[in-house]
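What follows draws every value from the coordinates through simple rules; no lab data is involved. Given the structure is predicted, the values throughout are model-derived calculations rather than measurements. Neighbour counts run over all protein chains shown; Cβ positions are idealised from the backbone, glycine included.
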Amino acid sequence: MKIAFYISALAVSLLTAGCSQSPQPLDSGTPLSGTVWEHPLSYPLNNSGGAIPKDARVDVYDHCIIIHRADGSRQIVSLDFVTDLRLK
C-alpha cells in the first residue's frame, strides 16, 4: 500500500514540476513593423490584415506573440497569423 502511495506522489510531483514556472519571452520590444492577418498565412483565399500599433509592446514566444496595447488590453496571436514582425 505504501508503494502505491509513493508512486502516486512521485507521478504527481513530476507532472506538476513545470507548472510553477512561467515561460519567458524569446524577445520583447516595440514594433517597427508587423502585420496580423485575419486568417493563417496558408489560407488560400483573400486574406486581410492590420498593422500592429506602434505604441504597443510585443512579447514573442515559441508559437505566439502577445501584443500589449496602450489601453491595457492584450491580444494573443499565433505566429501563423503574423508577418514582417520587427522589434525595436
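Dipole size of the range 20-88 about its Cα centre, with +1 on Lys/Arg Cβ and -1 on Asp/Glu Cβ: approximately 200 debye, rounded to the nearest 20. The distance linking the range 33-53 with the range 56-75 is 16 Å (Cα centroid to Cα centroid, whole angstrom). Most tightly packed first, judged by the mean number of other beta-carbon atoms within 10 Å of their residues, the peptides 40-48, 58-66 read 58-66, 40-48. A full extension of the chain between residue 73 and residue 61 corresponds to an added length of 2.5 nm, given 0.36 nm per residue minus the alpha carbon distance.
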